[in-house]
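Structure record follows, encoded as structure tokens.
The values are calculated or read from the model by the stated rules, or taken from the named source; none is laboratory data. On a predicted model such as this, the values are computed, not experimentally measured, just so you know. Cβ: placed from backbone, ideal geometry, glycine included. Neighbour counts: every protein chain shown. The accessibility values were calculated without ligands, DNA or RNA, using every heavy atom of the protein model including side chains. Shrake-Rupley method; radii C 1.70, N 1.55, O 1.52, S 1.80 Å.
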Amino acid sequence: MLEKQSPLARLKIELASRALEPRTIASNTIVHANGNASKNTYVYFSADALMNQAAILDQTAPLFGVPISLKDCFDMEGARTTCGSRFYADFNPPAVQDSAVAASIRKAGALLTGKTHLHPLAYGITGQNPEYGDCLQPRAAALLTGGSSSGAAASVQEGSALAAIGTDTGGSIRVPAALCGLTGFRASHNLASPHGWFPQAWAGAAHLAPSFDTLGLLLRDPRDTAPIAEALFGIPQGSLVSPLKVGCVSEDFLYDCEPEVLATYRAWQQTLARMGVSIHEFNASWWSDTFEYFAGIQAHEAAAIHQGHFHQFEKAIQARLAWGASITASELDAYKLHREEFQTKMNGLFQQFDLLMLPAAPVNRLPAHTDLSNARQIILRYTTPFSLSGLPALSLPGEMIGSAFGTGVQIASAQGSDPMILAFSAAVGNFIVHEA
């Protein structure tokens, strides 16, 4: 459940009243960092650098003193960008300047806490990493965080960061957010377009698959999403139409959902209905083959980026990269045609509905030390429809409405409608607080 004041609002009040100082926040981050059982929330963390930052923050900036972590596929001056790979840790020199995202964090007056763990190359959904260790949840040591924004989720869960920058290609923010009981925001692919709010978003960053890569946030409270996204990404705050129409995937698509996940999906529909949202069911059977052509385009683009280095990575990723390199021009054209046809049909859905909703993942736990080789395809069937369409999406945890830990729903709006989904995020949080 949510508290009356959001974490961001409470922190701002404490800073403004001098009840809390940035150095105290930095010290608290140092105490909590790498607080999971695997001690690997961060790939790069410097207590000295953090304390030095705290002494020079701009008190007039919008996120003054707010601790924010950064996924280790974005450059941070003086640190190596590993992309979760020991090979790139050795191959890449220390960054000579901040990436656009790191620079934005600093400009906003926030504390850049460090660079977080990720599934190797950001190419996986579990948070397993044979070189840096599997990322375990600070809250539940027997469970993985999910990925690929694994350390991002862990940093918020352990309390070393109030918010975390993650990336989402096929579900890498939405899934760990759900599994870790957090809110996740995936920005639309338009964010980094020439006419988007943050066109330089990928400057100084490593891509996995440019056709699908976007970035976003993991945090505890949906009310904090909009102000942080505005300060870091330049997304203006939007408004909502009334009544909102939400298209909910019919349950025949959800045949492999865990019972707790399905119960949360139903509970979120009931919660939104109490908000005055108009709930409608639709048949999503035509979404079932999206993983095939998403995975093909993704593998082809990833193979081009990592060409010549395939042998440096774990076997599962080697195999995906080798497959991507083997895809012929005609096969790639067919995948892209499928994608265009799918996007056209998705655009049609937004002629009927303002938002679309389904579970963030069909499972509510990824047990550590188990064979999860089939998890990627099972989970990505739920997340790739929004990725293929470049949609902004919000992941909301079940616990927020009294449902089981590890469950969550994802709610998407039309491409480029980020201000609206952020307004919805705030509205949901305010409703839940007032209803309680």
Inter-site label distance for Lys39 and Ile13 at 7 Å from Cα along Cβ, in nm
3.8 nm
So for the range 73-223, using the alpha carbon gyration tensor with a ≥ b ≥ c as root eigenvalues (a/c under 1.5 gives rounded; past that, a/b versus b/c decides prolate or oblate), I'd call it rounded
Find the accessible area per residue for the range 355-436; the probe is 1.4 Å, ligands and nucleic acids are left out, and the unit is Å².
27 Å²
Would you work out which of Asn283, Ser150, Gln53 lies farthest towards the positive end of the dipole of the chain, given +1 charges on the beta-carbon of Lys and Arg and -1 on that of Asp and Glu, about the Cα centre?
Gln53
Determine how many Å³ per residue the convex hull of the Cα atoms of the range 1-70 encloses.
114 Å³
For His338, His369, give me the order by solvent-accessible area with a 1.4 Å probe, most accessible first, ignoring ligands, DNA and RNA.
His369, His338
Stokes-Einstein diffusion coefficient for the range 91-174 at 4 °C in a medium of 1.567 mPa s, Rh from the Kirkwood formula over Cα pairs: what value in µm²/s?
96 µm²/s
Listed residues Asp289, Asp134 arranged by accessible area, highest first, probe 1.4 Å:
Asp289, Asp134
Along the Cα→Cβ direction, 7 angstrom out, place labels at Glu3 and His434. What is the inter-label distance in nm?
2.2 nm
Rolling a 1.4 angstrom probe over the protein chains, ignoring ligands and nucleic acids, what is the accessible area of Lys245 in square angstrom, nearest 10?
90 Å²
Compute from the Cα atoms of the chain the Rg and the Dmax, the latter being the longest Cα-Cα distance, and quote both in angstrom.
20.1, 63
Can you tell me the Rg and the Dmax, both Å, for the Cα atoms in the range 165-208?
11.7, 34
Taking only complete DSSP H runs, can you tell me which helices of the chain stretch 24 Å or more along their own long axis by Cα positions and average at least -1.0 on the Kyte-Doolittle scale?
329-349, 418-435
How far is the Cα center of the range 15-30 from the Cα center of the range 400-436, in Å?
29 Å
Take the alpha carbon atoms of the range 38-99, find their center, do the same for the range 252-302, and report the distance between the two centers in whole angstrom.
34 Å
Per residue, the convex hull enclosing the Cα atoms of the range 200-342 spans a volume in Å³ of 191 Å³
Report the Cα centroid-to-centroid distance between the range 314-371 and the range 178-233 in angstrom, as an integer.
18 Å
When the accessible area of the range 1-108 is split by element with a 1.4 Å probe, what percent falls to carbon and sulfur?
52 percent
The chain: relative contact order as a whole-number percent, Cα under 8 Å and 6+ apart:
18 percent
Give me the aspartates and glutamates in straight-line cross-link reach of Lys315: C-alpha distance below 13 Å, same-chain residues under 8 apart excluded.
Glu131
Rounded if a/c is under 1.5, else prolate if a/b beats b/c, else oblate: with a ≥ b ≥ c from the C-alpha gyration tensor eigenvalues square-rooted, which is the range 211-263?
prolate
Which value, in debye to the nearest 20, describes the size of the charge dipole of the chain about its Cα centre when Lys and Arg Cβ atoms bear +1, Asp and Glu Cβ atoms bear -1, and nothing else is charged?
660 debye
Of the DSSP beta bridges with both residues in the chain, give the percent that are antiparallel, rounding to the nearest 5.
65 percent
Rg in Å to one decimal, and Dmax rounded to a whole Å, for the range 298-436 via C-alpha atoms
18.6, 56
For the range 247-405, the dipole about the Cα centre with charges only on Cβ (Lys and Arg +1, Asp and Glu -1), to the nearest 20 debye, works out at 260 debye
Could I have the simple spin-label model distance between Ala273 and Ala329, label points 7 Å from Cα toward Cβ, reported in nm to one decimal?
5.4 nm
Quick one: give the max-minus-min coordinate of the C-alpha atoms of the range 27-124 along each principal axis, largest first, in Å.
40, 31, 23
Ignoring ligands, DNA and RNA, what percent of the 1.4 Å accessible area of the range 233-311 is carbon and sulfur?
50 percent
Across all directions of projection, what mean area in square nanometres is found for the Cα convex hull of the range 264-323?
6.8 nm²
Could you work out the Rg to Rh ratio of the range 341-421, with Rh taken as the Kirkwood radius (inverse of the mean 1/r over all Cα pairs)?
1.03
The range 204-272 - accessible surface per residue (Å², probe 1.4 Å)
35 Å²
What's the extension gain from Glu281 to His311 if we count 0.36 nm per residue and subtract their Cα-Cα distance?
6.2 nm
By average Cβ neighbour count within 10 Å, what is the ranking of 25-38, 6-19, 74-87 from highest down?
74-87, 25-38, 6-19
Assuming a ≥ b ≥ c are the square roots of the Cα gyration tensor eigenvalues, decide whether the range 369-414 counts as rounded (a/c under 1.5), prolate (otherwise, with a/b larger than b/c) or oblate.
oblate
